[in-house]
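Notes follow once the structure below has been shown.
The values are calculated or read from the model by the stated rules, or taken from the named source; none is laboratory data. Small disclaimer: the values here were computed from a predicted structure and weren't measured. All Cβ positions, glycine included, derive from the backbone under ideal geometry; neighbour counts span all protein chains shown. The protein model used for the area step is the full one, side chains on, heavy atoms only, and it has no ligands, DNA or RNA in it. Shrake-Rupley method; radii C 1.70, N 1.55, O 1.52, S 1.80 Å.
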Amino acid sequence: MVSPHGIKLAVYLISSYFGDLNAKVCDCLLRRGTQTLYQVVSSTELSRTNVKNCLLVLIHHNCVQAFALRQPGGFGDEPKVITQYMALFDNIIHKLRFPKFIEIVSEELGKECEEIFEGLLQHGRLSLTEIIERYKETSKQGDSSADAARDSFNSLVNARFVERCPAPDPLLEPPAAEETAAKKRGAKSAKIQAQTMEQQALAAAAPMESMRFLVEDILNDSVERTDKRTTDVKCGMKRKHDDVESNTKDPGTGGKEVLWRANFEEFIRRLRHKACVANVKVRVNNDAAIVLAATLELSRHSETKLRMDNSVPQSINAIYDEVIKREGGLGMDLERIRASLDDLGCEAPLMEIDETYSVDLKNIIEQARIEEVESIVLKRYGREAYRMFRLLSKADRLVETDKISDTTFVEKKDAVKILFKLWKDDYLEMKKVIARAAKQSEFILWKINKQSLWEHILDEMYHAALNLRLRITHEKEQEKEILQMPKEKLVGELGNKYMRLRKVCIVLESSLMNLDDSLMLFHDF
């Protein structure tokens, strides 16, 4: 379930990129859940044509997934197939991270791959032919750039930065029929039915792993044929909606070309690994960070899902070979590596014949979240509140007020005020216990419910991110005349105003990028 400020942020991002009509449709899907075309039209009070066009745009930019649901008909009637639409909240929020994604591609693969990848982010989905055409136009090298574009595209796919698009509208069978079939197949199949309809639709739409990163050869004459026809993909322009309905048919062959998109999962995985290494470097030591980075690099392509609780087991020899390739790791021997693995909480194997290690990533992320919340409490409520919150965080159970006051050396009167303040702001849970003895007494116990606290913190961060985006827009709107002026005319007072705006935007955008790191920590990692 998406938090209220998360919905507001997502709707604002859609409005910024695609306009108010698309934002209205997105808002409807986020607030009401999966909807049919008729339901969206009824809820938004937009025309059917406008809603359909908005859905096409949002699907094309990976913000909405359509799927067909077969429903049984009436007596003697054929089953009906109804198309449903669901908003992809995570993909919408990923638009905040496009600069980070581009930076990762640029650092690992270079400028040419960055240009192709930036085009995919801009247009949402493109075929290989369209990618090559766009690259030829932006590079202004003509036909000689086609091979370079193909090589760069292959590098992006090999690095798993780009993947095939999911099926446009996978067909789901009625839940009743699936449940009956599951009972016949046994308990194992019944567990699959615990998935929501939306999760089943995403799983059905996803390409098979063997096909997900497969680049099929395109005949040279098919590529050359594109030079003779006008493509609708121009530099800095969006593709037309008709392409979504036709699924990019190739005029040369009459068949369907494969559409490609950015693989957000790979980028979030890399950012997750980077966050784990940064946390370990500060919390443990530099050696442990080097060993963890090496272990994660070895296991990255073997990870079967994004949020892996533990890294894929790796042998000590493989870890050593990867460690010595890294800066600061050349002088590390096996004993230092084993010591670092021990610092990371890895248990030593019982038999040295098969000496493999796996790192507890879930614990690292949990520690990073606790540290983030503790820093918020320190800045917002002061050092005494920080000590009490830290005590409750480590205790992970109900603690009585007197115990908290005595352990943290805070006067009971002040401790009660601080605890009630934290409780009022949803940072703590409170429980009253009445002891009936010779004299009836009331005790107040306090505890941190981490799951509900993470959700509360995440909603606050969405709110802060929305405010930063609104402030950036406001600052640019205030000085829009200066932004539209040629640079040679920005002298004197106008030049000072421009430099002031530039500094303000840099500070605000840097703050937004730092805040997004924390957003990912609580939502994506």
Out of all the residues in segment 52-81, which are assigned to a strand (DSSP E or B) and at pLDDT below 90?
Leu69, Arg70, Gln71, Lys80, Val81
Residues of segment 268-302 being without any contact (Cβ under 8 Å) to a residue 12 or more places away in the chain and in contact with a helix residue (DSSP H, G or I) (Cβ under 7 Å, 6 or more places away or on another chain), which ones?
Lys281
Scan of segment 408-431 for residues that are surrounded by fewer than 17 Cβ atoms within 10 Å (Cβ to Cβ) and more than 40 Å from the chain's Cα centre (by Cα), ordered by number:
Phe409, Glu411, Lys412, Lys413, Asp414
Within segment 285-307, restricting to residues that are among the aliphatic types (A, V, I, L, M) and open to solvent by 30 Å² or more (accessible area, probe 1.4 Å), the one that is farthest from the chain's Cα centre (by Cα) is Leu298
Could you figure out which of (1) surrounded by 20 or more Cβ atoms within 10 Å (Cβ to Cβ); (2) within 16 Å of Gly124 (Cβ to Cβ) isn't true of Leu56?
(1)
Within segment 91-99, is there a residue that is of a type in the set (A, V, I, L, M, F, W, C), buried (at least 20 other Cβ atoms within 10 Å of the Cβ) and touching a strand residue (DSSP E or B) at 6+ places or on another chain (Cβ under 7 Å)?
no
Got at least one residue in segment 283-297 being among the polar types (S, T, N, Q), modelled with pLDDT under 90 and more than 30 Å from Glu130 (Cα to Cα)?
no
Among helices (runs of 4 or more DSSP H) entirely inside segment 427-525, those with 2 or more residues being modelled with pLDDT of 85 or more and either in the same structural domain as Ala415 (by TED's automatic domain parsing) or of a type in the set (S, T, N, Q) (or both) are 450-478, 493-523
Report the residue count in segment 22-48 for those that are closer than 24 Å to Leu259 by Cβ, open to solvent by 20 Å² or more (accessible area, probe 1.4 Å) and assigned to a helix (DSSP H, G or I).
1
In segment 486-507, what residues are surrounded by 15 or more Cβ atoms within 10 Å (Cβ to Cβ) and within 32 Å of the chain's Cα centre (by Cα)?
Leu501, Val504, Cys505
Those residues that are within 29 Å of the chain's Cα centre (by Cα) and open to solvent by less than 30 Å² (accessible area, probe 1.4 Å), I need them from segment 460-485; list them, please.
Met461, Tyr462, Ala465, Leu466, Ile472, Glu475
Going by what's in this entry, would Ile92 be described as more than 19 Å from Val215 (Cβ to Cβ) and touching a Lys or Arg at 6+ places or on another chain (Cβ under 9 Å)?
no
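Quick grid of which residues meet (1) open to solvent by less than 30 Å² (accessible area, probe 1.4 Å); (2) modelled with pLDDT under 70; (3) part of a helix (DSSP H, G or I):
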site	(1), (2), (3)
Ile132	yes, no, yes
Tyr135	yes, no, yes
Ala146	yes, no, yes
Ala149	yes, no, yes
Phe153	yes, no, yes
Glu163	yes, no, no
Ala167	no, no, no
Ala181	no, yes, yes
